[in-house]
Amino acid sequence: MNLLLEEIYLKINCALLISFALLLETILNSNSAVAETVYNTPSKNESGDLIFKFRNSDGVLSFSDRQPRGTTRYELLKFDCYACQQNNRTNFSTTPLELVKYRTETKQAAKQNNLPEALIRAVIHAESNFKATALSSKGAQGLMQLMPTTAQELGVTNPNNTSENIAGGSQYLAQQLARFNNNERLALAAYNAGPTTVERHKGVPPYPETQRYIERVLTLKSRYEKAL
């Protein structure tokens, strides 16, 4: 009798848990969910590259694949190379430059690696838009979006530490410039797609993401050179 009661009890609990899970899923997927708004655009690609979490003008918790206007108070939940994506409508010829954050670090990295500070800041802008905790779906971390293996090879123990990340990313960028005879386009292609990919294609690989990345970084670099 006790075994029978225990079996009935377990079945009831399982049924309750399943019902609760279904109810929760319904609430989360409902278009009328309380205090949550999701903004989508038709051009959003399948990988879900940019997801912004913020509160709109009515104070409603919102999620969007577009950077919210009128506020800098937002959180990036998923971030894959800010300047690479086709659905990023930012005009890199006019978007505001970041001239204050991490200046000490970028100056020092530029001096140590014999790099233009404008190039370092352009890469940071392109990779993470100066979000120190940016994390891509592929695992790239921090301001200069270092992959774990690359970070380890560069001696970066904490990719979320801004000083370490900038030092490591700048060192890696300098390595690519040396590898490709100071050709900035090839070095940036290598930073984005990997040096062996550039060597295999004997030039900039035919990847739209990489080609967009190069053009946008160089646009930003030119602007930072004039502004710094």
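Rule-based calculations on the coordinates, nothing more; no lab input. Worth saying up front: this structure is predicted, and the values here are computed from it rather than measured. Glycine gets a Cβ as well: all are built from the backbone with ideal geometry, and neighbour counts include every protein chain shown.
Between N114 and D58, what is the FRET efficiency for a Förster distance of 45 Å, r being their Cβ-Cβ separation, to the nearest 0.05?
After rounding, the FRET efficiency stands at 0.35.
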Computed FRET efficiency, Cβ-Cβ of V100 and T133, R0 22 Å: what is it to the nearest 0.05?
0.75
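Cα gyration tensor of region 104-228, axes a ≥ b ≥ c as square roots of the eigenvalues: rounded (a/c below 1.5), prolate (a/b > b/c) or oblate?
rounded
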Past 24 Å, Cα to Cα, is the threshold; run K107/K221; K138/K221; K131/K202; K101/K138 against it and keep the listed order.
K138/K221; K131/K202; K101/K138
